[in-house]
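See below for the structure under consideration.
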Amino acid sequence: MSADPLFPACRPRCVRQMAVGDGHILYVEECGPVDGVPVLFLHGGPGGGCLAEHRRLFDPGIYRVVMIDQRGAGRSLPSGELEANTTPDLVADLDYVRQALGISSWIVFGGSWGSLLALTYAQIYPETVQGLVMHGIFLGSHDEISAYGSGLASLLPRLEQGDPLAAFARRILGDHPETAELAARVWLNYQRKLIGKEPLVAPPDAMQMARARIQMHYLTRDCFLMPGQLLAGIERIRHLPAVIVQGLADPVCPPMAAEALHRSWPETTLVPVVSAGHDALLPAMARACIKALGWVAECAESID
């Protein structure tokens, strides 16, 4: 078996800018045949944006992949805008795009923050979802967010007390650009270190600043979800074919959330990937995600 399971790099078949209201304009691209199996790809973050490498998770001869930079993220405009930027807003955008593209239903594929958004969307619009592929599960709970930000305390001034994530949010979302840039750089490097990436060699660019702003906006508000909301809503989607792909060495979204989701939804297929981390583009995770998508697509076709 090839060490690299990803498909060859490809260009989008079409690119759109779609106005969705509240002054937001989304960047939307499609790859693969127009009559292919429709798949909605949900990027991580929040605020991460889609990458060209993400297209390589999908067989370009089979899947019609719709990739959306969410409000304020990536190439969507205005960059980093927080007004009218909540989880319900993002979910409404996804269905707006679906209708605008004439897609009756699609498979939803998302990891990390994208897994949270996939679950939220499916529970609100279950009739439009053929199945789900989720990796690196994040349920948006206060405990998950606190654990993720726990290492920030050592990066703050020694005398500063309280929630370290809130302290960074005050700086990054504050009115002083220099302070915001310095804090965003520390925050982004903290994230990069968790997944084994080298620190930024330059101050954050506009897209990186937007990512940091959006993350602080969501994470300090429990992702605009009620406590336990996603597990409580499983009954609405229990009938859908779904696969959970979880790296057992994921330092960003540890296996506990995936296990909790599987306990609440035992009809899902849980695929633990030994020694794998957070990145779905690395071989072990990519291979599992690609196989999971093929299985969900087969199930969806048999149901039709």
Shape parameters for the stretch 22-74, alpha-carbon atoms, Rg then Dmax in Å: 11.6, 36
Two-decimal log10 I(q)/I(0) for the stretch 24-181, as the Debye equation yields it once each C-alpha is a single scatterer, q = 0.16 Å⁻¹: -0.94
Estimated [θ] at 222 nm from DSSP helical runs (n ≥ 4, -39500 (n - 2.57)) normalised by residues in the chain, nearest 500: -11500 deg cm²/dmol
Degrees, to the nearest 10: 113-124 long Cα axis against longest axis of the chain: 60
Candidates 171, 56, 16: whichever shows maximal mean-square fluctuation once the chain is modelled as a Gaussian network with Cα springs under 10 Å: 16
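Counting Lys +1, Arg +1, Asp -1, Glu -1, what net charge surrounds residue 219 among other residues with beta carbon under 15 Å of its beta carbon? Mind showing how you got there, number by number?
Values: positive: 170, 171, 211, 213, 221; negative: 143, 144, 163, 222.
Summing Lys and Arg as +1 and Asp and Glu as -1 gives +1.
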Helix 255-264 vs. the chain, principal-axis angle (Cα, 0 to 90°, nearest 10): 50
Label-point gap, in nm, between residue 259 and residue 166 - each point 7 angstrom along Cα→Cβ: 3.0
Shape call, the stretch 63-108: gyration tensor on alpha carbons, a/c limit 1.5: prolate
Among 57, 282, 26, residue whose mean-square fluctuation peaks in a GNM of the chain (springs only between Cα atoms under 10 Å): 282
DSSP-defined antiparallel bridges as percent of all bridges, the chain, nearest 5: 35
Local electrostatic count, residue 64, Cβ distance below 10 Å [Lys/Arg +1, Asp/Glu -1]: -1
Size of the chain as Cα extents on the principal axes (Å, biggest first): 61, 39, 39
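Using 0.36 nm times the number of residues separating residue 104 and residue 10, minus their current alpha carbon distance, what extension gain do you get? Walk me through the intermediate numbers first.
On the way: separation 94, 0.36 × 94 = 33.84 nm, distance 2.54 nm.
Result for the pair: 31.3 nm of gain on full extension.
Just subtract the alpha-carbon distance of residue 179 and residue 281 from 0.36 nm times their residue separation and send over the number in nm, one decimal.
Details: separation 102, 0.36 × 102 = 36.72 nm, distance 3.33 nm.
Difference between extended and current length: 33.4 nm.
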Rounded tilt (10° steps) of 206-219 against the dominant C-alpha axis of the chain: 90
Cα centroid of the stretch 30-70 to Cα centroid of the stretch 79-155, whole Å: 14
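Set the Förster radius R0 to 30 Å, insert the Cβ-Cβ distance between residue 150 and residue 235 as r into 1/(1 + (r/R0)^6), and round the FRET efficiency to 0.05.
The formula returns an efficiency of 0.35 here.
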Efficiency of FRET from Cβ geometry, residue 298 and residue 274, R₀ 30 Å, rounded to 0.05: 0.75
Value of D in µm² per second that Stokes-Einstein yields for the stretch 120-267, Kirkwood Rh from Cα pairs, at 20 °C (1.002 mPa s): 125
Rg and Dmax [Cα atoms of the stretch 144-222; Å; Rg one decimal, Dmax integer]: 11.8, 32
For the chain, built as a Gaussian network whose Cα springs stay under 10 Å, the top-fluctuating residue of 28, 129, 15: 15
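All of the numbers you see were taken from the coordinates with simple rules; none came from a lab. Note that this is a predicted model, so its numbers are computed, not measured. Positions of Cβ are generated from backbone atoms using ideal geometry, with glycine treated the same way; all protein chains shown enter the neighbour counts.
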